[in-house]
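J.: Got a structure for you, written out below as structure tokens; questions coming shortly.
Just so you know, all these numbers are worked out from the coordinates, no wet-lab data involved. What you see is a predicted model, and the numbers here were worked out from it, not measured in a lab. Here the Cβ positions follow ideal geometry from the backbone for every residue, glycine too, while neighbour counts run over all protein chains shown.
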Amino acid sequence: MITPNRTDPAPQPLLAETTRFKLLIDTPKIQDWERLLPSGLFFGVTTNPKLMAQAGEPSTLTNLQRLARTAFEMGVEEIHLQVWGTDADSMIRIGRQLAAIDPRVMVKVPATRPGYQATRILVNEGVPVTLTAMHSAAQVLTAIALGARYAVPYLGRMLDADPNALNEVIAMQEILDHHPGRTQILLASIRQIEHVVELARRGVSVFTLLPPLADQLLDNPLSQKAADEFEASVQKSLGV
């Protein structure tokens, strides 16, 4: 039987916090953090067991503690670390351990039946939960009902199943607009920067980007050309 450590609901964040625009980096690779975080553009870091495995990083508590410490030393304001296990008890146990690392750790829990059960307990204990791997607008209702801090649609996978999946994410945002509170969409599995632009126009305000997309956002050839021309003009005026 699962017994929560506390029964009073966690404090609600200010509405201003739930409407703040944020960009995050979707990778556990420290070399990517070192390259991208100095831009000052990124609020935090996200990862998941699949990305961890692809990067050769074991999903162990000790390793996640190390990654979190490194991220915070580099100035991030949030890191999203995911639980593992197939039942609610396992997810709750790991979620508590992840939350104990630092208050800035967001505990990612999959949007499944045991994940929902674990989310309720963790949220009631004051743990900030990121409810992840969502694929339909209806699932955002679970995040609202459970008091999750973030709801994470996997846009790329949604588009694989339905070419009109952007409308599903827009519907999620419209639901949240009508039921303001603690929950924000955190859009993941993004393959095109144009999708970020379109969904930002529709009110989505938190995006996590794989490093290649982050590079696209940082590097615009026309902007670089203009900057080079400005620099050349300065040098010419100085007679260099």
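J.: Among 74, 115, 52, pick out the residue whose Cα is farthest towards the positive end of the charge dipole of the chain, where Lys and Arg carry +1 and Asp and Glu carry -1 on C-beta, about the Cα centre.
T.: Positive-end residue among those listed: 115.
J.: For the charge dipole of the stretch 15-237, defined by +1 on Lys and Arg C-beta atoms and -1 on Asp and Glu C-beta atoms about the Cα centroid, which residue among 42, 163, 141 has the Cα displaced farthest towards the positive pole?
T.: Positive-end residue among those listed: 141.
J.: Which residues' amide hydrogens lie under 5 Å from the amide hydrogen of residue 184, considering only partners 5 or more residues apart or on another chain, with H built in the peptide plane?
T.: Long-range HN contacts for residue 184: 150, 151.
J.: Compare 43, 21, 230 in a GNM of the chain, Cα atoms joined below 10 Å, and give the one with the largest fluctuation.
T.: Evaluated over the chain, the most mobile residue of the options is 230.
J.: If the cut-off is a Cα-Cα distance under 17 Å, which lysines reach residue 225, setting aside same-chain residues fewer than 8 apart in sequence?
T.: 236
J.: Still on this structure, I have one more. If each Cα of the stretch 116-240 is one equal point scatterer, what is log10 of I(q)/I(0) from the Debye formula at q = 0.13 Å⁻¹?
T.: With one equal scatterer per Cα and no solvent, log10 I(q)/I(0) is -0.60.
J.: Amide H neighbours of residue 82 under 5 Å, at least 5 residues apart or on other chains, H built in the peptide plane: list them.
T.: Distant-sequence amide H within range of residue 82: 108.
J.: Mind sorting 66, 113 by how few other Cβ atoms lie within 10 Å of their own Cβ, fewest first?
T.: Ascending number of Cβ neighbours within 10 Å: 113, 66.
J.: Any idea what the dipole of the chain comes to, in debye rounded to 20, about its Cα centre with Lys/Arg Cβ at +1 and Asp/Glu Cβ at -1? It would help to have the intermediate numbers written out before the result.
T.: Numbers: 22 positive and 25 negative charges, 112 e Å.
The calculated dipole for the chain is roughly 540 debye.
J.: If you average the C-alpha positions of the stretch 64-135 and of the stretch 180-203 separately, how far apart do those two centres end up, in angstrom?
T.: Each part reduced to its Cα centre gives a spacing of 21 Å.
J.: Right, here's the next one. To the nearest 0.05, what FRET efficiency results for residue 232 and residue 193 with a Förster distance of 30 Å applied to their C-beta separation?
T.: Efficiency, rounded to the nearest 0.05: 0.60.
J.: If R0 is 22 Å, what FRET efficiency do you get for residue 141 and residue 102 from their C-beta distance, rounded to 0.05?
T.: Step by step, r from the Cβ atoms, then E = 0.15.
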